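Take a look at the structure set out below.
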Amino acid sequence: MELLYEGKAKKVFSGSLPGTVRVEFKDSATAFNGQKKSEISDKGIVNAAVSARLFAWLSDHGLSTHFIEQQDARNLVVEQLTMIALEVVVRNVVAGSLHQRTGLNEGTALDVPIVEFYYKNDALGDPLLNDDHIQLLGLASPDLVAQLRQEALRINQVLTPFFNQRGVSLVDFKLEFGWNRAGDLKLGDEISPDTCRLWDTISGERLDKDRFRRDLGGIEEAYQEIYKRVMQ
Ligand code: TMP
């Protein structure tokens, strides 16, 4: 199968049916816009399985995703999407760049979830955009921005209890959307410990890629723990 695209954590190949692609999840990890690099054993296997489970869960709850089926341990078959150049971040608890930008204490629960949009542009380091910036750049109409916000918040409403039931707090996460061949808006990319902050509900232990970003150690064990809990 033809390699269509290789990113930092995934490869995309043409699919066996028109309008589909195969996504292979790699063990490579990067942080800080590719400046920090490493291999995390079996990360690809965890991220493929976790993404498949969460996409299927979202579909079962009436949300539209690109997911078709899991082919094998590292490969998902998904609909080919024309991606929107925005990263949509939903936050339930203060962490990461929200802490850095606002000075609010990490771990502070937000009364109402917040949604942020980042420009998917490696050369610029994926900067935060406001609605006017999105219009200026022609990335999405105001109606589409509203739709993305609503969809992201619905996804949060479905995923938050899923994780809570497994002793995990869904602190924040990043989503990417696109259009399939029929012109339907679909959730794409992945949902995994690479793209979510997942804290143990009781101990607060970080069970996500922050262990790599911040050199906390125990990254493989954290990914295996999320695998175990998500697959329950
Ligand atoms: P941030 O606090 O660094 O802005 O991250 C918010 C969420 O987005 C967090 O769950 C991690 C995820 N994320 C990605 O998936 N890719 C990225 O490149 C970055 C910076 C964050």
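The values are calculated or read from the model by the stated rules, or taken from the named source; none is laboratory data. Predicted model only: the values in this text are computed from it and were never measured. Glycine also receives a Cβ, built like all others from the backbone with ideal geometry; neighbour counts cover every protein chain displayed. The protein model used for the area step is the full one, side chains on, heavy atoms only, and it has no ligands, DNA or RNA in it. Shrake-Rupley method; radii C 1.70, N 1.55, O 1.52, S 1.80 Å.
Test of understanding: extend the Cα→C-beta vector of LYS228 to 7 Å, then name every residue of segment 207-221 with backbone N under 16 Å from that spot. Counting backbone N atoms under 16 Å from the label point, the list is 207-208, 218-221. Here segment 161-176 is scanned for amide nitrogen atoms under 18 Å from the site 7 Å beyond the Cα of LEU128 along Cα-to-Cβ, giving 171-175.
With the convex hull drawn around the C-alpha atoms of segment 52-160, the volume per residue stands at 146 Å³. Among the GluC sites (Glu not before Pro) within segment 1-76, those in coil by DSSP and having at most 11 neighbouring Cβ atoms inside 10 Å are GLU2.
Considering the zone a paramagnetic label at ALA109 would reach in this model (a point 7 Å from Cα along the Cα-to-Cβ line), which residues of segment 161-181 have amide N under 20 Å from it? Under 20 Å, as judged by backbone N against the label point of ALA109, lie 161-173 of segment 161-181.
Please list, by residue number, every one of the chymotrypsin sites (Phe, Trp or Tyr not before Pro) in segment 1-54 that is coil in DSSP and has at most 10 other beta-carbon atoms within 10 Å. Those that pass, being in a loop and sparsely packed, are PHE32. Cα-based radius of gyration for segment 164-232, normalised by 2.2 N^0.38 Å, reads 1.29. Applying both filters, DSSP loop and at most 14 other Cβ atoms within 10 Å, to the trypsin sites (Lys or Arg not before Pro) of segment 140-217 gives ARG181, ARG214. Here the simple spin-label model places points 7 Å from the Cα toward Cβ, and for THR102 and SER38 these points are separated by 2.9 nm. If you wrap segment 93-232 in the convex hull of its Cα atoms and look at it from every side, the mean projected area works out to 10.1 nm². Over the chain, DSSP H runs of length four or greater, each weighted -39,500 (n - 2.57), average out per residue to a 222 nm ellipticity of -9500 deg cm²/dmol.
Distance between the modelled labels on GLN135 and ILE202, one decimal in nanometres: 5.1 nm (7 Å Cα→Cβ projection). The largest accessible area among MET1, MET231 belongs to the first residue in MET1, MET231, and the rest follow in falling order (1.4 Å probe, all chains).
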